[in-house]
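The values are calculated or read from the model by the stated rules, or taken from the named source; none is laboratory data. Predicted model only: the values in this text are computed from it and were never measured. Cβ sites come from the backbone with ideal geometry, for glycine too, and all protein chains shown count toward neighbours. Remember, those area values only see protein heavy atoms, side chains included, never the ligands or the DNA or RNA. Shrake-Rupley method; radii C 1.70, N 1.55, O 1.52, S 1.80 Å.
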Amino acid sequence: MKKLIFCLIAILSLFNVSVSAQDTTASSGSIDFPSRNYGISIGNSTQFSGLRCNFADRHVVEINGINLTLWLKLYQNQEAVVNGLSLGIIPTAGSMQPVNIGVLGVGAHHNLYGLNLTGGVIGASGNVKGLSICGLFIFAERSVGLTVAGLSAGAKRCMKGVVVSGFAIGTEGNICGAAFTCGYLGAGRFSGVAVGGYANIRQMNGISIALYNHAKELHGLQIGLLNNAENNAGWCKWLPLVNMNLSD
């Protein structure tokens, strides 16, 4: 028995396996090898580089490499930074880059950068930048790059780049670039090309193509069955097929 125990100790020492209770309030620790800081980690290691597998991330500081997490712990991982590949049912962190893949969703308390893919929802309280593709909804404070959503895509402040959505695109702020949807398209200010079923834009700078176009202030061209530009004079406010205002 003593020889067996000695052999086990020798093996563990050789691979420098460490069982670390890094989150004593929310985790039973982790098994990390060949080092506590890098290599392969199983459990809730809070700072690690390499391949990390954990059931539910809690109070993580920084992960560099591949992070596989299966379950969601709301509000317990808001300041985590994950650099690398994030995989899981709903991987979440404070910030994640460059590749994030979730079955049901991907979320960040701050920013999502890079490639984001999910069958459900992509969301961030800060910025979503890069290529975002999801089956249902995408929402962020700001979105920059290529955004593709099955149902709707929205941002609180602005959307820049190309936005494609099945039923709705909207922001309280600005859209700069190109937006395409079969349904509702709304923005405070739009600069570029807008294509939708119903385009409702406060200030339109560019080309708007829709069944029904409405702009409180048009600087450009409207193409659709019915076009309304409130800053035009008289009967030019409402025109079928084409309406325009080329003033600055």
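Annotations
- Tabulated pairs, segment 131-154, first more than 15 Å from Ala178 (Cβ to Cβ), second hydroxyl-bearing (Ser, Thr, Tyr) and surrounded by fewer than 24 Cβ atoms within 10 Å (Cβ to Cβ), C-beta under 9 angstrom, 6+ apart or interchain: Leu136/Ser152; Phe137/Ser152; Ile138/Ser152; Phe139/Ser152; Ala140/Ser125; Glu141/Ser125; Ser152/Tyr184
- Condition met for Gly183 (open to solvent by less than 40 Å² (accessible area, probe 1.4 Å) and closer than 27 Å to Lys156 by Cα): yes
- Among the residues making up segment 116-152, a single one is at positive phi and under 10 Å from the mean Cα position of the chain (by Cα): Gly130.
To keep it simple, each residue is scored yes or no on (1) assigned to a strand (DSSP E or B); (2) open to solvent by less than 60 Å² (accessible area, probe 1.4 Å).
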residue	(1), (2)
Met204	yes, yes
Ser208	yes, yes
Leu218	yes, yes
Gln222	yes, yes
Leu225	yes, no
Asn232	no, yes
Trp235	no, no
Met244	yes, no
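- Meets criteria (of a type in the set (Val, Ile, Thr) and buried (at least 21 other Cβ atoms within 10 Å of the Cβ)) for Val128: yes
Residue-by-condition table, conditions (1) closer than 27 Å to Tyr212 by Cβ; (2) open to solvent by less than 30 Å² (accessible area, probe 1.4 Å); (3) not aliphatic (A, V, I, L, M):
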position: Ile133; (1), (2), (3): no, no, no
position: Thr147; (1), (2), (3): yes, yes, yes
position: Ser191; (1), (2), (3): yes, no, yes
position: Ala194; (1), (2), (3): yes, yes, no
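- Out of Asn37, Asn83, Asn44, Asn100, one residue alone is open to solvent by less than 60 Å² (accessible area, probe 1.4 Å), over 19 Å from the mean Cα position of the chain (by Cα) and at negative phi. It is Asn44.
- Meets criteria (open to solvent by 60 Å² or more (accessible area, probe 1.4 Å) and either outside any loop (DSSP other than H, G, I, E, B) or out of contact with any Lys or Arg (no Cβ under 7 Å at 6 or more places or on another chain) (or both)) for Ile90: no
- Residues being among the small types (Gly, Ala, Ser) and in a strand (DSSP E or B) - total across segment 111-131: 4
- Scanning segment 112-137 for residues that are among the small types (Gly, Ala, Ser) and either touching a Lys or Arg at 6+ places or on another chain (Cβ under 9 Å) or within 18 Å of Ala80 (Cβ to Cβ) (or both) turns up Gly114, Gly123, Ala124, Ser125, Gly126.
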